[in-house]
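Since the structure comes first, as structure tokens, the remarks are kept for the end.
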Amino acid sequence: AGIEPAVPARPAILPVSAGDPLDFTRIGRVTIPFPDGARDLDLFSMAGYAGGLFLPFRDATNGRETYGAGRYLLDTAKGADLGGDTAAWRLILDFNFAFQPSCAFDPRWACPLAPPENRLDIRIEAGERLA
């Protein structure tokens, strides 16, 4: 997917499953073509923790088949990165690799969650599922 850079990059505070919100930087937006129309998701850089790119999302499977607060499509701090050419603002995004955040398995983990702008109005029937 091509990234539309956020110029300038903007600070963002993402909600967290437990504890205080975390600081991120909104660095761009990706447009993903779906059969019933393209949808946009914001791309973040982690200001703390381990750094790296971060792409959380929610969709219509949340709360039933997947973790209620969403999943991650990209988290380079955890090695969940399919590559691309970041110098050319291009990423490889594949929803088959979408995964549950750690807090889906243990509430003691505090996980950043998808902000409202990363909530999809469609079902993503790919990637990790709980049911």
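The values are calculated or read from the model by the stated rules, or taken from the named source; none is laboratory data. As the structure is a computational prediction, the values presented were derived from the model and not from experiment. Heads up, the Cβs are rebuilt from the backbone with ideal geometry, glycines too, and the neighbour counts pull from every protein chain shown. Side chains are part of the model used for accessible areas, which takes the heavy atoms of the whole protein and leaves out ligands, DNA and RNA. Shrake-Rupley method; radii C 1.70, N 1.55, O 1.52, S 1.80 Å.
From the residues 91, 56, 102, which one has its Cα farthest along the dipole of the chain in the positive direction, the dipole being from +1 and -1 charges on Cβ of Lys/Arg and Asp/Glu about the Cα centre?
Highest projection toward the positive end goes to 102.
I want the local charge near residue 30. Using Cβ-Cβ distances under 11 Å, sum +1 for each Lys or Arg and -1 for each Asp or Glu among the other residues.
Net charge in that neighbourhood comes out at 0.
Using a 1.4 angstrom probe, figure out how much accessible area the chain has per residue, in square angstrom, rounded to the nearest whole. List each step's numbers first, then the result.
Details: 6850 Å² over 131 residues.
Ligands and nucleic acids excluded, the figure is 52 Å² per residue.
Please state the shape class of the stretch 1-70: rounded when a/c is under 1.5, otherwise prolate if a/b exceeds b/c and oblate if not, all from the C-alpha gyration tensor.
Oblate.
Quick one: with all protein chains in place, what share of the accessible area of the chain is carbon or sulfur, to the nearest percent (1.4 Å probe)?
Carbon and sulfur together cover 54 percent of it.
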